[in-house]
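This report refers to the structure that appears directly beneath it.
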């Protein structure tokens, strides 16, 4: 242990002397100090806190990721290339211990910096919240929407693949009935275009709420018996999905609530005699259309009564735009149901834990690459690996969007398979991005942390780390040409 | 009583190292099927020109390179075995040290790699720095050290674990003659303590001074191996070293030689000191006059932990060294013994000659003593007798 600790200390000292690391350290300091003090936000108090949080954490995470990649590669290759490792290896220290010492040294340094930086950011956010001249309403909104950890529930989505196939069949049948040319008789390319277009139309229709129309969303597995309010977050675009030409519009939100039969009868409702004792009816939030700024996020607090016995929540929206324009709700923008689970402190440090996992993976990858490669090849290798990870994840995303669509190009099929193969060994680092979640007050669930650890650290990362260690142990260090 | 078979410290059988290119095609055979053993307590020199395979052999002993063929064991284990390295000290050709660490931190770091406790590391580091004469620079970063100082700190780190096998790659490279002398003395001290030392050096005089045995490599093969006596003694020639002879005695001796050698070449001259010996004399004299020098100065004290296992303190060791020196008899005494020895046998010739040769270093002082006025005549007569006796021996040898 004395030997490993000596290597850890030496790695930290060595790292602190690296000019690249010193440069990154200056940038890190600048980010911590400058970012929160220079951003203006979207003009609202919660927007200011959200953006401060998102950008500060995002920058810190990015810079420390770079620093980890650099130091992981640098600390291992430098000793080899300057022959200093000859002196170490000729002592009774196993190569595994040297590798572990270097890895732990880089991790220790970066984790220390991460904890310091994140503590400063946390302190700054709390200071801003307490000392800025925010109104009580603004503070309440920040507490409920930003400085909180809320579990996110997304609406149930229909099976797009099935819907597309059904629509395709319907259109074929219609064409046959009308005696127009059959799409089957056309080329494969045209068929593909039709299916792709159909899919787009279905998705657009799902997102669109025409003027005067009502759209419903259903949420499942919501815990019942809650006493705290639920929050619904949404963003609707007017006319087109674009940040331009957005204005104030109108609409009515309604939620399904359980009301006893007696109460309904008291209010003059006419019900059949055999109707159940408890009725579920949609109750509008306001009796008249409320004003909604399109293109921006909004949150609405809802009573826990909206949750039925099966843990299901149903909400509806009616478009009352004065000019008769449609409103579009993108899938990613919700409406999402948010349920408070923990406070800001806990959620924030859960997020920091995810960044730690990210640094752990990057450190392992760079040490593994540096075990058998020299500088700067090791760095390029890691960056290429990460780039492939992002590209493969993107291609897989496209592929799943087109799933079930016949007659795909050969190149698309190849790209799909290559991406799938790559994702068996490549870790997409964007999965570790949590600054957006924290800024939106979304809960960083332990399930997510465990899933990231199991799937990416243990199952994908660890075999690569062990491969690097194995190569390092087998490497003939005497063959290296000194720089 | 059955002989105890000892395991050689290093054993190589058919040791081969072939370097290959990226496509695994043979590029060069740096070491080609060599066999050798290094026994416990031996100081062995690995000699050879550049590219002869010395460094490759050392790297294989240290586990930095893996043999392509053959078997290599170090202290009975594989060279890659971590346990083996507990007993090894290594000084590379250049001291590949962490330049930002101070001398003290450097030794502390390498001590920690041996899992020594903090107290032990501190104590050993202090003693080693004292020993290599770097106590005054213990807080200076080693990156600022001169080459000589870097060698000294390199040597100190090689001994932090009190190794039983010390591998020294060009140990005197970059050192001044004084430093060279100290390193050589240290090697001899380690040998006395039963340590095994492998030295590679281009400075053949250094190797000659300290090694029991040498292995000469060329083109990856062992071209010669043996003790220095075996390799360096020229059995076909004789050399006699005596105190300064008066001209008439020299003339007599030459006459005898001319008569007996019958036209064969021979030479008579004055023995010379080596330049190193002369330099050391001058420096030692200056030191006595308290002249100071910059850079590292000799510490001279052997680290206690290195010394104590030899069952004597550094003072006791010095006393022993003094005692050993005092036991060397002056040449005049040996000459007298030769004269008085009635049963002088020819097979003792070589031994006596070596004994006389070993007095080379003390010759100048002997000379002064021999020239004392009241002894001159008596000594001259005795020398005549010695010359006669030597003449007889040479005749006998010729007849054989």
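Where in the range A:85-184 are there helices (runs of 4 or more DSSP H), lying fully within it, with 1 or more residues that are closer than 30 Å to residue A:226 by Cβ and in contact with a strand residue (DSSP E or B) (Cβ under 6 Å, 6 or more places away or on another chain)?
Values: elements: A:95-131, A:136-145, A:160-178.
Once the helices (runs of 4 or more DSSP H) in the range A:85-184 are filtered for at least 1 residues that are closer than 30 Å to residue A:226 by Cβ and in contact with a strand residue (DSSP E or B) (Cβ under 6 Å, 6 or more places away or on another chain), what remains is A:136-145.
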- Task: Kindly indicate the residue of the range A:436-483 that is within 14 Å of another protein chain (Cβ to nearest Cβ) and buried (at least 18 other Cβ atoms within 10 Å of the Cβ) and also nearest to residue B:59 (Cα to Cα) among those meeting that condition.
- Result: A:478
- Message: Please determine whether any residue of the range A:37-45 is in a helix (DSSP H, G or I), free of Cβ contacts under 8 Å to residues at least 24 places away in the same chain and either under 25 Å from residue A:113 (Cβ atoms) or within 14 Å of another protein chain (Cβ to nearest Cβ) (or both).
- Response: yes
- Task: Check whether at least one residue in the range A:9-17 is without any contact (Cβ under 8 Å) to a residue 60 or more places away in the chain, within 14 Å of another protein chain (Cβ to nearest Cβ) and touching a strand residue (DSSP E or B) at 6+ places or on another chain (Cβ under 9 Å), and report yes or no.
- Result: no
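If the requirement is being surrounded by fewer than 18 Cβ atoms within 10 Å (Cβ to Cβ), closer than 22 Å to residue B:199 by Cβ and within 12 Å of chain A (Cβ to nearest Cβ), which of these qualifies: B:86, B:147, B:99, B:59?
On the way: B:147 fails: within 12 Å of chain A (Cβ to nearest Cβ); B:99 fails: closer than 22 Å to residue B:199 by Cβ; B:59 fails: surrounded by fewer than 18 Cβ atoms within 10 Å (Cβ to Cβ).
Checking each option against the conditions leaves just B:86.
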- Note on the structure: Expected single match for more than 14 Å from chain A (Cβ to nearest Cβ) and surrounded by 18 or more Cβ atoms within 10 Å (Cβ to Cβ) among B:220, B:226 is B:220
- Message: Given the criteria closer than 26 Å to residue B:43 by Cα and either at pLDDT 90 or above or in contact with a helix residue (DSSP H, G or I) (Cβ under 6 Å, 6 or more places away or on another chain) (or both), does residue B:101 qualify?
- Response: no
- Query: Quick one: residue B:272 ticks every box in (1) at pLDDT below 80; (2) under 30 Å from residue B:207 (Cα atoms); (3) more than 23 Å from the chain's Cα centre (by Cα) bar one, so which box is it?
  - Reply: (3)
- For residue A:459, which of the numbered conditions (1) in contact with a helix residue (DSSP H, G or I) (Cβ under 8 Å, 6 or more places away or on another chain); (2) more than 24 Å from residue A:78 (Cα to Cα) fails to hold? (1)
- Boolean, residue B:107 is touching a helix residue (DSSP H, G or I) at 6+ places or on another chain (Cβ under 6 Å), within 14 Å of chain A (Cβ to nearest Cβ) and closer than 15 Å to residue B:158 by Cβ: yes
- Note on the structure: Filtering the range B:65-83 down to residues that are without any contact (Cβ under 8 Å) to a residue 12 or more places away in the chain and either crowded, with 20+ Cβ neighbours inside 10 Å or in contact with a helix residue (DSSP H, G or I) (Cβ under 8 Å, 6 or more places away or on another chain) (or both) yields B:77
- Message: Exactly one condition in (1) touching a strand residue (DSSP E or B) at 6+ places or on another chain (Cβ under 9 Å); (2) within 10 Å of another protein chain (Cβ to nearest Cβ); (3) more than 19 Å from residue B:160 (Cβ to Cβ) is false for residue B:91; which is it?
- Response: (3)
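From B:68, B:106, which residue is at pLDDT 90 or above and over 18 Å from residue A:82 (Cα atoms)?
Numbers: B:106 fails: over 18 Å from residue A:82 (Cα atoms).
Going through B:68, B:106 in turn, just one is at pLDDT 90 or above and over 18 Å from residue A:82 (Cα atoms): B:68.
Check A:83, A:129, A:55, A:122 and return the single one that is over 15 Å from residue A:472 (Cβ atoms) and within 14 Å of another protein chain (Cβ to nearest Cβ).
Numbers: A:129 fails: within 14 Å of another protein chain (Cβ to nearest Cβ); A:55 fails: within 14 Å of another protein chain (Cβ to nearest Cβ); A:122 fails: within 14 Å of another protein chain (Cβ to nearest Cβ).
Only one candidate passes the filter, namely A:83.
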- Message: Given the criteria at the interface with chain A (Cβ under 9 Å from one of its Cβ atoms), modelled with pLDDT of 90 or more, touching a helix residue (DSSP H, G or I) at 6+ places or on another chain (Cβ under 6 Å) and closer than 27 Å to residue B:226 by Cβ, does residue B:113 qualify?
- Response: no
- Message: surrounded by 14 or more Cβ atoms within 10 Å (Cβ to Cβ), in the same structural domain as residue A:141 (by TED's automatic domain parsing), over 30 Å from residue A:477 (Cβ atoms) and at pLDDT 85 or above: is that true of residue A:354 in this structure?
- Response: yes
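Just to verify a result, which residue in the range B:116-127, among those that are within 29 Å of the chain's Cα centre (by Cα) and surrounded by fewer than 19 Cβ atoms within 10 Å (Cβ to Cβ), is nearest to the other protein chains (Cβ to nearest Cβ)?
Let us first name the residues in the range B:116-127 that are within 29 Å of the chain's Cα centre (by Cα), namely B:121, B:123-127.
Next, from what is left, pick out any that are surrounded by fewer than 19 Cβ atoms within 10 Å (Cβ to Cβ): B:123, B:126.
Values: B:123: 15, B:126: 18 Å.
Across the range B:116-127, the extreme among qualifying residues is B:123.
The values are calculated or read from the model by the stated rules, or taken from the named source; none is laboratory data. All values derive from a computational prediction rather than experimental measurement. Positions of Cβ are generated from backbone atoms using ideal geometry, with glycine treated the same way; all protein chains shown enter the neighbour counts.
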